[in-house]
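Step one of this worksheet: look at the structure below.
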Amino acid sequence: MTDSIMSKAATMEIPINSNGDTGSLPEDDSLEQAAKIQWSLDEKDLQQVMVSGPNLNETSIVSGGYGGTAEGIIPTSSIKGPNMHQSLSSPAVTADEVNRGVAVEKFDIVKKWGINTYKCTKQMISERFGRGSRTVDLELEAQIDVLRDTKRKYENILRLARALTNHFYSMVQTQRALGDTFSDLSQKSPELQTISSYECVCDVQDEFGYNAETQKLLCKNGETLLGAINFFVSSINTLVNKTMEDTLMTVKMYENARLEFDAYRADLEELNMGPRDAVTLTRIDTAQQQFQIHKDKYERLRSDVTIKLKFLEENKVKVMHKQLLLFHNAISAYFAGNQQQLEQTLKQFNVKLKPPGADKPSWLEEQ
């Protein structure tokens, strides 16, 4: 475009003779003027392109060269660079990164568990063979020993009380069967038909009736006492296998924390006794952090055990005072034959008897 304008400008400025020779024209003025015209035209074209030119995103690439057909025109907006593959494959890349992160996290957990197990096992063996030091809280450990001994004794009470329940239940069932037999014989006994004296027959039938009533009354009082004993067994079972067991679980966690605390303490002491280079100092800092973490855990669990032992002792005193009083009053009233006092004892301690169809103790009570 600029070349054609340049040629037109030059043609306008340079006259031609009839024979084609150029006329007399000063060289410097004509060349300088032609250059100025060309420069001004180029500047105008550049400004026009900058102001009203096509958007770069909407330009086209002609595949067939200059003057090609429209079929070879490819819009540049439809061409995507490497970002196209990045956007298409981003979900897969994200999933791979997530899976890789989960795998690294699991590996770190297994690694920490392995290191912790190794240190604790080493500490346990050292303590067992008398080569390692052990943190001891004499007062707390004495309370823990008392708790374990008390639990063993209460388990023995529970075992004997369950045995008493089973034996007494069998006795009540025997009394019921014996009372039913006496009642049946009191109606009319075929064996007594051979006796000639009518008075003797009536006396024996009356005695059968008296014994039947006695066994039925004993059976009823026995069921009442059985309800009191079952309540006693249930309360002792809750105290031993739930309350005490929960406290002993906390004690077990405390003992594990104590072992970890001593293991990391021994590890830190061993590092402090070694050389002090850059690598060792980094390991000492890491060991100091782990030691502080396990120290805090140990102290927290020690406080939890102390509180639970205190509450357990208070709860044990209240429960056993109530249950022993119930057991004593029920047994005394039953063997004294005082039915009214026996029933009053159950009302006093809010003991509800089982329905008639549930006389036999459950499989849990028989264990």
Apart from one, (1) open to solvent by 40 Å² or more (accessible area, probe 1.4 Å); (2) in contact (Cβ under 8 Å) with a residue 24 or more places away in the chain all hold for ASP267; the odd one out is (1)
query: If you check ASN256 against the conditions, is it under 12 Å from GLN123 (Cβ atoms) and among the polar types (S, T, N, Q)?
result: yes
ARG300 fails exactly one of (1) charged (D, E, K, R); (2) closer than 27 Å to SER126 by Cα; (3) open to solvent by less than 70 Å² (accessible area, probe 1.4 Å); (4) at pLDDT 90 or above, namely (3)
| query | Does VAL305 satisfy the criteria of being of a type in the set (Val, Ile, Thr) and surrounded by 14 or more Cβ atoms within 10 Å (Cβ to Cβ)? | reply | yes
Within segment 99-116, restricting to residues that are over 23 Å from ASP304 (Cβ atoms) and open to solvent by less than 50 Å² (accessible area, probe 1.4 Å), the one that is modelled with the lowest pLDDT is GLY101
* Asked: If you check THR214 against the conditions, is it more than 30 Å from GLN323 (Cα to Cα), open to solvent by 20 Å² or more (accessible area, probe 1.4 Å) and modelled with pLDDT under 95?
  -> no
Here the residues within segment 235-255 that are surrounded by 14 or more Cβ atoms within 10 Å (Cβ to Cβ) and in contact (Cβ under 8 Å) with a residue 60 or more places away in the chain are SER235, ILE236, ASN237, LEU239, VAL240, THR243, MET244, THR247, LEU248, VAL251
Of the residues in segment 155-169, those that are more than 32 Å from the chain's Cα centre (by Cα) and open to solvent by 40 Å² or more (accessible area, probe 1.4 Å) come to ASN156, ILE157, ARG159, LEU160, ARG162, LEU164, ASN166, HIS167
*Evaluate segment 257-264: report whether one residue or more is free of Cβ contacts under 8 Å to residues at least 60 places away in the same chain and either surrounded by 12 or more Cβ atoms within 10 Å (Cβ to Cβ) or among the acidic types (Asp, Glu) (or both).*
yes
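The values are calculated or read from the model by the stated rules, or taken from the named source; none is laboratory data. In this text the structure is predicted, and so the values were computed from the model without any measurement. Neighbour counts run over all protein chains shown; Cβ positions are idealised from the backbone, glycine included. To get the accessible areas, we keep the full protein, side chains included, count just its heavy atoms, and leave off ligands, DNA and RNA. Shrake-Rupley method; radii C 1.70, N 1.55, O 1.52, S 1.80 Å.
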